[in-house]
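Rule-based calculations on the coordinates, nothing more; no lab input. This one's a predicted model, so the numbers in the text were calculated from it and none came from an experiment. Cβ coordinates were reconstructed from backbone atoms using ideal geometry, including for glycine residues, and neighbour counts include every protein chain displayed.
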């Protein structure tokens, strides 16, 4: 005859030898749940924008601080990936891909990695540094100067610049909604819109083509909705098949698959194809990916999403993409996706798992002498094609003064 304790042990698992393990596991799941959403809820309390009406008073400083929190703590991997593929997506526009083909900066193999890295560091500079800082102002001024050369002879249009700006604002948000453990809340979206609206103004991108340009926008959320609607219409009209799209896409795909062994490149191209929207895929003249690749990637991202949401604690340390200035006033990226240009050849950078993976497939690693990797770092006055080195300083100084004068006290761009 069974006793009550023995019967209890059969139906109540915590009284068995596995009980303590299960209790610890359940406590861990509860802790993950508590801490996962704590950072999001803290943002709502830290910044005093409790209602939609209050978003109209959001300052650029607050908006950028919220975005940095998302980029460096909440979603650093997805932010980096989305920015890379946002840039890739612009090459589905023939006017943009044709310019890149004619300048040979992206379509020539020896030049493509530098163009890719230079664009990346400029974007990270103004995304990761306060608008009041010289690094923000200098990076915007450098990008403006590089664009001005092509704007003068109408090789790039304001619409192309506005479309590129729209993707940098929209694609990280879309990727987080699609693949991350949570999507952005309304406050976070308003911050993204406020920040990128101001970046566009600092870059002197005209907003006249947007529906709300004449009357203005009440907040960053409304600007974001307006620019998204315009961006979709622009894609429908301008994202069409073209040979130069294919050339630019092929060179960029090589960079995205930089560390992949040669024998796996074909599979890697199919994975990249899965990540493209149908219109973009057609514009770049890529074939549809096999259904098995779509299922595999969808399953992988779904499992990652569930694991992050329920099984992993939030990141404790910020992922800083760029370093402080070295003793020579130059800067280093803290990571690299292809050619380790400007990367400081520390012991970790040369012995990391990524460095070993690159070395095994014959790619350069930080500190290699066979190619000029500029390990001394980059100077923001000179970022860009080698032919532009030493040029544009006067224009940049004027641009930096313009941004500084228009800065106010971290003002709200929608209060004007």
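When the helices in the chain are scored as -39500 (n - 2.57) per DSSP H run of 4 or longer and the sum is shared across all residues, what 222 nm value do you end up with, to the nearest 500 deg cm²/dmol?
The per-residue figure over the chain is -18500 deg cm²/dmol.
What angle do you read, to the nearest 10 degrees and between 0 and 90, between the alpha-carbon axis of helix 186-202 and the longest principal axis of the chain?
Result, in degrees: 20.
Considering the range 18-134, what Rg and Dmax in Å follow from its alpha-carbon atoms?
21.1, 68
For each of 351, 173, count neighbouring Cβ atoms within 10 Å of the residue's Cβ, then give the residues from fewest to most. Can you show the working numbers first?
Values: 351 13, 173 19.
Final ranking by Cβ density, sparse to dense: 351, 173.
In percent, what relative contact order does the chain have, based on Cα pairs under 8 Å that are 6 or more apart in sequence?
Working: 512 pairs, mean separation 100.0, N = 416.
Relative CO of the chain lands at 24 percent.
Volume per residue, Å³, of the convex hull around the alpha-carbon atoms of the chain?
Details: hull volume 81.3 nm³, N = 416.
About 195 Å³ per residue, rounded to a whole number.
Beyond 18 Å, what share of the Cα-Cα pairs of the range 207-328 is found? Please give it as a whole percent.
Looking at the range 207-328, the distances longer than 18 Å represent 72 percent of pairs.
How much length, in nm to one decimal, is gained on full extension between residue 54 and residue 326, taken as 0.36 nm per residue of separation minus their Cα-Cα distance?
Values: separation 272, 0.36 × 272 = 97.92 nm, distance 4.06 nm.
Result for the pair: 93.9 nm of gain on full extension.
Taking only the alpha-carbon positions of the range 163-242 and ignoring solvent, what does the Debye formula give for the base-10 log of I(q)/I(0) at q = 0.11, 0.16, 0.21, 0.25 Å⁻¹?
At q = 0.11, 0.16, 0.21, 0.25 Å⁻¹ the computed log10 ratios are -0.29, -0.61, -0.99, -1.27.
Normalised by the empirical 2.2 N^0.38 Å for globular proteins, what value does the Cα Rg of the range 282-368 take?
Dividing the Cα radius of gyration by 2.2 N^0.38 Å gives 1.53.
Going by alpha carbons, how many degrees (0 to 90, nearest 10) lie between the helix axis of 76-89 and the longest principal axis of the chain?
40 degrees
For residue 209 paired with residue 229, estimate the spin-label separation in nm (one decimal), with each label point 7 Å from Cα along the Cα-to-Cβ line.
1.6 nm
Quick one: P(r) of the range 160-208 from all Cα-Cα pairs, 10 Å bins, percents rounded to integers, in order of increasing distance.
Bins of 10 Å from zero give 25, 49, 23, 3 percent of pairs.
Give me the distance in nm between label points sitting 7 Å out from Cα along the Cα-to-Cβ direction at residue 183 and residue 265, one decimal.
3.8 nm
Please order 414, 88, 27 by the number of other Cβ within 10 Å, starting at the fewest.
With the fewest neighbours first, 414, 88, 27 line up as 27, 414, 88.
Where does each of 96, 156 land when they are ranked from fewest to most other beta-carbon atoms within 10 angstrom?
Ascending Cβ contact count within 10 Å gives the list 156, 96.
Which angle from 0 to 90°, rounded to the nearest 10, does the C-alpha axis of helix 393-405 make with the longest principal axis of the chain?
60 degrees
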